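Peer 1: Right, I'll just put the structure down here and ask away after.
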Amino acid sequence: MSLPIRGGDVLLVVDAQNDFVDGTLAVPGAARILPVIEGCVELFEQSGLPVVATRDWHPPMHCSFRERGGPWPAHCVQATRGAALAGGLASRTGLPVVSKGMDAGRDAYSGFDGTSLDALLRELGARRLFVCGLATDYCIRATVLDALRLGYEALVVSDAIAAVNAREGDGARAIAQMRGAGARFVDSGAIALAGAVHG
């Protein structure tokens, strides 16, 4: 069953960055989903609907880094290759990118946490968010839960996400939590250009 995209729909690409694909904090399966993410971006662009990306944009010695006592290796340090958007996303001009995690003393998994994302989406007239990217059990989960709390519909593109699974089953638990909060899951192949309303 197809799901036509329409006015009020926005594709939200969460943290599809080099460090999460092939860098210091590579997420298992991230390289496999990158072409799916890029296909979703092309579909939304063809339909004249907005695409927005988020990115970790950490200062050196961010509190989430192991050398500062955090759980993660240093990643997505501002202005490094690791922080750049991955694959073909890097060369897309005009793609709005919302930075997060810029306070060295505070972590932020959600794309809405301390950012302009909500204001940007309201300006775009967003009502329904199609969410893809990395990682299921951290930034996808937090962003989707915040989106739902803010009154957006959230549809997670199930074949365009991947989990860290630092603990076995973290990804599955995150999916269950998102579903329980009201998120829907859709395969990228079901997202249809036909019938989309521009604007």
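The values are calculated or read from the model by the stated rules, or taken from the named source; none is laboratory data. Computed from a prediction, not measured in an experiment: that's the story for all the values here. Don't worry about glycine lacking a Cβ; one is built from the backbone with ideal geometry, like all the others, and counts go over all protein chains shown.
Table: residues versus (1) in contact with a strand residue (DSSP E or B) (Cβ under 6 Å, 6 or more places away or on another chain); (2) surrounded by fewer than 18 Cβ atoms within 10 Å (Cβ to Cβ); (3) at pLDDT below 95.
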| position | (1), (2), (3) |
| --- | --- |
| SER158 | yes, yes, no |
| GLU168 | no, yes, no |
| ARG173 | no, yes, no |
| MET178 | no, no, no |
| ALA196 | yes, no, yes |
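Peer 1: If you scan segment 75-98, which residues turn out to be in contact with a strand residue (DSSP E or B) (Cβ under 6 Å, 6 or more places away or on another chain) and free of Cβ contacts under 8 Å to residues at least 24 places away in the same chain?
Peer 2: The answer is VAL77, and nothing else.
Peer 1: Separate question: Can you name the number of the only condition in (1) in contact (Cβ under 8 Å) with a residue 60 or more places away in the chain; (2) within 23 Å of VAL98 (Cβ to Cβ); (3) of a type outside the set (Asp, Glu); (4) surrounded by fewer than 17 Cβ atoms within 10 Å (Cβ to Cβ) that VAL14 fails?
Peer 2: (4)
Peer 1: Further, regarding this structure: Here are some conditions: (1) on the phi > 0 side of the Ramachandran plot; (2) in a helix (DSSP H, G or I). ARG141 meets all but one. Which one does it not meet?
Peer 2: So ARG141 meets the others, but not (1).
Peer 1: Among the residues of segment 17-51, which ones are closer than 21 Å to VAL98 by Cβ, in contact with a strand residue (DSSP E or B) (Cβ under 7 Å, 6 or more places away or on another chain) and either part of a loop (DSSP other than H, G, I, E, B) or polar (S, T, N, Q) (or both)?
Peer 2: Across segment 17-51, the qualifying residues are GLN17, LEU25, VAL27, LEU49, PRO50.
Peer 1: Moving to a separate point now. Would it be correct to say that THR93 is among the β-branched types (Val, Ile, Thr), out of contact with any helix residue (DSSP H, G or I) (no Cβ under 8 Å at 6 or more places or on another chain) and within 20 Å of VAL21 (Cβ to Cβ)? Don't jump to the end; show me each part of the working.
Peer 2: On the way: among the β-branched types (Val, Ile, Thr): yes; out of contact with any helix residue (DSSP H, G or I) (no Cβ under 8 Å at 6 or more places or on another chain): yes; within 20 Å of VAL21 (Cβ to Cβ): no.
When the stated conditions are applied, THR93 does not pass them.
Peer 1: OK, next. Of the residues in segment 145-156, how many are surrounded by 15 or more Cβ atoms within 10 Å (Cβ to Cβ) and either within 14 Å of the chain's Cα centre (by Cα) or of a type in the set (D, E, K, R) (or both)?
Peer 2: Looking only at that region, the number is 7.
Peer 1: Filter segment 1-11 down to residues that are assigned to a loop (DSSP other than H, G, I, E, B) and either of a type in the set (A, V, I, L, M, F, W, C) or in contact with a Ser or Thr (Cβ under 9 Å, 6 or more places away or on another chain) (or both) and give me whichever is surrounded by the most Cβ atoms within 10 Å (Cβ to Cβ).
Peer 2: Residue satisfying both the conditions and the ranking: ILE5.
Peer 1: Can you pull out the residues in segment 164-193 that are without any contact (Cβ under 8 Å) to a residue 60 or more places away in the chain, closer than 22 Å to GLY7 by Cβ and assigned to a loop (DSSP other than H, G, I, E, B)?
Peer 2: Those that are without any contact (Cβ under 8 Å) to a residue 60 or more places away in the chain, closer than 22 Å to GLY7 by Cβ and assigned to a loop (DSSP other than H, G, I, E, B): GLY182, ALA183.
Peer 1: Suppose we filter segment 92-126 for residues that are small (Gly, Ala, Ser), closer than 27 Å to TRP72 by Cβ and surrounded by fewer than 16 Cβ atoms within 10 Å (Cβ to Cβ); how many remain?
Peer 2: Of the residues in segment 92-126, 4 are small (Gly, Ala, Ser), closer than 27 Å to TRP72 by Cβ and surrounded by fewer than 16 Cβ atoms within 10 Å (Cβ to Cβ).
Peer 1: Okay, next question. Looking only at segment 17-43, count every residue that is under 11 Å from CYS132 (Cβ atoms) and in contact (Cβ under 8 Å) with a residue 60 or more places away in the chain and tell me the total.
Peer 2: Number satisfying all stated conditions: 5.
Peer 1: Select, from GLY70, GLY82, the only residue that is under 19 Å from ALA142 (Cβ atoms) and either in contact with a His (Cβ under 8 Å, 6 or more places away or on another chain) or part of a loop (DSSP other than H, G, I, E, B) (or both).
Peer 2: It is GLY70.
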